[in-house]
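The values are calculated or read from the model by the stated rules, or taken from the named source; none is laboratory data. This is a predicted model, so every value here is computed, not measured. Note that we place each Cβ from the backbone using ideal geometry, even for glycine, and neighbour counts take in every protein chain shown.
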């Protein structure tokens, strides 16, 4: 599910509204550059892949305030043991998150 989260993050970042991805693994590893990105962000949107919410936990443990948190499985997408994802699922999640946080995506479902 983290693959969908990453693809959604790319779509939101490419929307050109001052959004950028931040590697949660680098945050967890204590990378000062990535910690600084998270702490300086005007708002932090975390997209967890499943109900374990690992990305949210990493950010919170690092002292990064999470403004919006979403979980891919809460959009009706079942967790799978493979990396197979559909463009439709990515778009569905991206559009819902964008609407929720007030971003515009120039794509159609």
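In table form, for the structure just shown:
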{"quantity": "Complete set of residues in region 53-64 that are over 17 Å from residue 8 (Cα atoms) and either modelled with pLDDT under 95 or touching a strand residue (DSSP E or B) at 6+ places or on another chain (Cβ under 7 Å) (or both)", "calculated": "59"}
{"quantity": "Selection within region 38-51 - exposed (fewer than 13 other Cβ atoms within 10 Å of the Cβ) and touching a strand residue (DSSP E or B) at 6+ places or on another chain (Cβ under 9 Å)", "calculated": "43, 51"}
{"quantity": "So residue 30, is it modelled with pLDDT of 90 or more and under 22 Å from residue 80 (Cα atoms)", "calculated": "no"}
{"quantity": "Residue in region 91-107 that is closer than 13 Å to residue 5 by Cα, in contact (Cβ under 8 Å) with a residue 24 or more places away in the chain, in contact with a helix residue (DSSP H, G or I) (Cβ under 7 Å, 6 or more places away or on another chain) and surrounded by fewer than 11 Cβ atoms within 10 Å (Cβ to Cβ) present", "calculated": "no"}
{"quantity": "Set 21, 83: member being at pLDDT below 95 and under 14 Å from the mean Cα position of the chain (by Cα)", "calculated": "21"}
{"quantity": "Boolean, residue 58 is in contact with a helix residue (DSSP H, G or I) (Cβ under 6 Å, 6 or more places away or on another chain) and surrounded by 10 or more Cβ atoms within 10 Å (Cβ to Cβ)", "calculated": "yes"}
{"quantity": "Those residues of region 3-37 which are free of Cβ contacts under 8 Å to residues at least 60 places away in the same chain, more than 14 Å from residue 61 (Cα to Cα), surrounded by fewer than 18 Cβ atoms within 10 Å (Cβ to Cβ) and touching a helix residue (DSSP H, G or I) at 6+ places or on another chain (Cβ under 8 Å), in sequence order", "calculated": "20, 21, 23, 33"}
